[in-house]
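Student: If you scroll down you'll find the structure; I have some questions about it.
Only the coordinates and a few stated rules stand behind these numbers; no lab work does. Quick caveat: nothing in here was measured; it's all calculated off a predicted structure. Cβ coordinates were reconstructed from backbone atoms using ideal geometry, including for glycine residues, and neighbour counts include every protein chain displayed.
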Amino acid sequence: MSGRQHARDRVTGDRSRFSAHYPAITESPALARAAVLAFARRHRASSRLQGALALAVSEAVTNVVVHAYRDSTDPGSVVVKATVAADDLVVTVADSGSGLRARDDSPGLGLGLAIIAESADGIDLRQVAGGGLELTMRFSLATV
């Protein structure tokens with residue numbers, strides 16, 4: 001079964017909120033990126049903002065896929081939420097995995113969070129009680 005068949009997307013009736021659960025598998029970054037971009041387009045995000053958003057969401061969900069559940073045989077899940085508040089688009093990517101830990105055997109260059117910080121207008125990373133991480137990214141809709 002594909003990641004698309006496992007994803008559960010939900011847009012609330014007021015269309016100002018988006019929430020989806022994806023399995024932490026290789027197909028999920030692309031699915032999450034497409035869903036968040038569709039949400040952003042409904043809120044008239046500029047093409048520049050859409051590019052930054054696509055990169056940041058891809059990196060954030062990929063980090064969950066690669067790192068969050070590395071000690072588990074179950075792929076785990078990633079929760080992606082988006083909301084519009086004032087002139088900001090706020091995106092949260094969360095997992096219930098192993099949290100932020102140093103990794104000597106990392107398959108990547110370790111630049112994901114730096115890329116996200118450069119793409120977003122603001123980020124907040126917090127460890128969740130009971131395990132996992134929650135990354136909140138803020139993007140200004142007022143930016144041309």
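Student: Please compute the length gained on full extension between ALA85 and ARG17, using 0.36 nm multiplied by the number of residues separating them and subtracting their Cα-Cα distance.
Tutor: Full extension of this stretch gives 23.5 nm more.
Student: Which far-off residues, 5 or more places away or on another chain, put their amide H under 5 Å from the one on VAL78, with H placed in the peptide plane?
Tutor: Result for VAL78 returns TYR22, ALA24.
Student: Rounded to whole Hz and in sequence order, give me ³J(HN,Hα) for segment 16-33 from the Karplus expression 6.51 cos²θ - 1.76 cosθ + 1.60, θ = phi - 60°, writing x for Gly and Pro.
Tutor: Taking θ as phi minus 60°, the curve returns 9, 9, 9, 8, 8, 10, 10, x, 7, 10, 4, 6, 5, x, 5, 5, 5, 4 Hz for segment 16-33.
Student: Right, something else. Each residue of segment 124-129 in order: what ³J(HN,Hα) in whole Hz does its phi give by Karplus 6.51 cos²θ - 1.76 cosθ + 1.60, θ = phi - 60°, with x for Gly and Pro?
Tutor: Those phi angles translate into 9, 10, 9, 7, 8, 4 Hz.
Student: Could you order the peptides 23-36, 113-126 from most to least packed, using the average number of other C-beta atoms within 10 Å per residue?
Tutor: Highest to lowest by the protection proxy: 23-36, 113-126.
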